[in-house]
Amino acid sequence: MRVMGFALLILVFMGCASCGHPATGADAVDTAHLEKDLLHLETKIPLAAVSGRIDHMAYDPAGHRLFVAALGNRTVEVVDLAAGTRLHSITGLREPQGVAYLPALERLVVADGGTGGCMLYDGHSYAVLGRVALGDDADNVRSDSQKIYVGYGSGGIAVIDPAQMRKIGDLTLEGHPESFQLGDSGRVWVNVPDAGEIVVGDLATLNLRSEWRNHDASANFPMALDRQHSQLVVAYRHPAQLRILDSRTGTVEASVGCVGDADDVFYDAATGLVFVSGGDGYLDVFRGPTRVNHLPTQKGARTSLWLPAERKLVLAVPARAGKPAALWIYGIT
């Protein structure tokens, strides 16, 4: 096994923000390797009117605004991170899942799984500018300097021109795409858990390059890309496991147990840390293949967003047991 080119930080949240280390069960850890906690809870921003599941988030660095896909609430919540207050609630959606903010166009993109459409909004008035019909289950959204990419349906990534607000192409897959990451020269890596594989595609030609079968693990949902070291970080749910793969060949370079129900993974190039959030309710911290933190937060809080410029991680915590939904903001020590 090759030594990984970065330290891994895995985050998944349950219960409370204080440190705790379970000694038994599926989440039991080797306490000999535990270190001082690397994240600390700075504040909680309440989302009192939000109920149900919370999905993905996006950020506007210039305006310090967080866009939260409150799927179960059928809204997108706009939050002022600096002030710690809710600014606006975008309604009229059925299942908002993926979100992206386009600073150059000052537009907000929302994938509405219920209608199968990609919605585009004015980034300041939040007025609807257009809708691109895709089919069912519009989900994850990514963007580069020119295009929007939306995973949807039973096997496709739509390529959308955000200025003209129309679909200009499709990358066809053999199952619904979960997380996908954009590389150089049009390359894209896609988790396709229904097909039991990771797919490498070319968004310039809309062709597939490689298909890497999963072995001894399934339900690969979140993914992060480390361009510098040519590595993918992929979290699986069955069993709960984190794998490091060579992004050129698909070779598994490391495989370690991690928190269950993982739903988001982020790699920070500045620190070499990787953040993974999931629903079983722990904050796991890995340095290389060794777990060094295992912190309980709240069960069901499985989506997060890493803000590299702010050096913060935002955790979406759904309403539970009489406590309102909230965004938990963590800083790195």
Exercise for the section: Would you check if there is a residue in region 145-161 being surrounded by fewer than 21 Cβ atoms within 10 Å (Cβ to Cβ), more than 29 Å from Arg213 (Cα to Cα) and at pLDDT 95 or above? Expected result: yes
Handout entry: Extreme residue, farthest from Val199 (Cα to Cα), among residues of region 236-247 that are open to solvent by less than 10 Å² (accessible area, probe 1.4 Å) and at pLDDT below 95
Key = Leu242
Exercise for the section: Scan region 213-235 for residues that are closer than 15 Å to Glu197 by Cβ and open to solvent by 30 Å² or more (accessible area, probe 1.4 Å) and jot them down. Expected result: Arg213, His215, Asp216, Ser218, Phe221
Exercise for the section: Can you give me the ranges of the strands (runs of 3 or more DSSP E) entirely in region 42-122 with at least 1 residues that are open to solvent by 60 Å² or more (accessible area, probe 1.4 Å) and aliphatic (A, V, I, L, M)? Expected result: 85-90
Practice task
Out of Ala100, Ala70, report the one residue that is closer than 21 Å to Ser145 by Cβ and in contact (Cβ under 8 Å) with a residue 24 or more places away in the chain.
Solution key: Ala100
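Open to solvent by 10 Å² or more (accessible area, probe 1.4 Å) and under 25 Å from Val99 (Cα atoms) - does that describe any residue in region 284-295? If you could, list the steps in order and put the result at the bottom.
Of all residues in region 284-295, those open to solvent by 10 Å² or more (accessible area, probe 1.4 Å) come to 287-291.
Retained after the next criterion (residues that are under 25 Å from Val99 (Cα atoms)): none.
Checking region 284-295: not a single residue is open to solvent by 10 Å² or more (accessible area, probe 1.4 Å) and under 25 Å from Val99 (Cα atoms).
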Exercise for the section: Tell me which residues, restricted to region 248-272, are surrounded by fewer than 23 Cβ atoms within 10 Å (Cβ to Cβ), at pLDDT below 90 and hydrophobic (A, V, I, L, M, F, W, C). Expected result: Val256, Phe266, Ala269, Ala270
Problem - Selection status of Arg142, at pLDDT 95 or above, under 27 Å from Val252 (Cα atoms) and in a strand (DSSP E or B) - result: yes
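Search region 232-259 for residues being polar (S, T, N, Q) and touching a Gly at 6+ places or on another chain (Cβ under 9 Å), and hand back the single one that is nearest to Gly281 (Cα to Cα). Spell out how you get there, then give the answer.
Taking region 232-259 first, the residues polar (S, T, N, Q) are 241, 247, 249, 251, 255.
Narrowing the set further to residues that are touching a Gly at 6+ places or on another chain (Cβ under 9 Å) leaves 241, 247.
Details: Gln241: 15, Ser247: 29 Å.
Restricting to residues being polar (S, T, N, Q) and touching a Gly at 6+ places or on another chain (Cβ under 9 Å), the top hit is Gln241.
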Practice task
Scan region 162-192 residue by residue and report those that are of a type in the set (A, V, I, L, M), under 15 Å from Ala224 (Cβ atoms) and either free of Cβ contacts under 8 Å to residues at least 12 places away in the same chain or surrounded by 20 or more Cβ atoms within 10 Å (Cβ to Cβ) (or both).
Solution key: Val188, Val190
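Here is a list: Ala254, Ala309, Ala316. Which entry is within 21 Å of Arg142 (Cα to Cα), touching a residue at least 60 places away in the same chain (Cβ under 8 Å) and assigned to a strand (DSSP E or B)? Give the derivation first.
Details: Ala254 fails: within 21 Å of Arg142 (Cα to Cα); Ala309 fails: assigned to a strand (DSSP E or B).
None of the others qualify; the one that does is Ala316.
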Problem - Residues located in region 123-144, provided they are farther than 22 Å from Gly155 by Cα, in contact (Cβ under 8 Å) with a residue 40 or more places away in the chain and either of a type in the set (Gly, Ala, Ser) or open to solvent by less than 20 Å² (accessible area, probe 1.4 Å) (or both) - result: Gly123
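The values are calculated or read from the model by the stated rules, or taken from the named source; none is laboratory data. What you are looking at is a predicted structure, and each value in this text was computed from that prediction instead of being measured. Neighbour counts are summed over all protein chains in view; Cβ atoms, including those assigned to glycine, are modelled from backbone coordinates with ideal geometry. Each accessible area value is taken on the protein alone, full model and side chains, heavy atoms only, with ligands, DNA and RNA left out. Shrake-Rupley method; radii C 1.70, N 1.55, O 1.52, S 1.80 Å.
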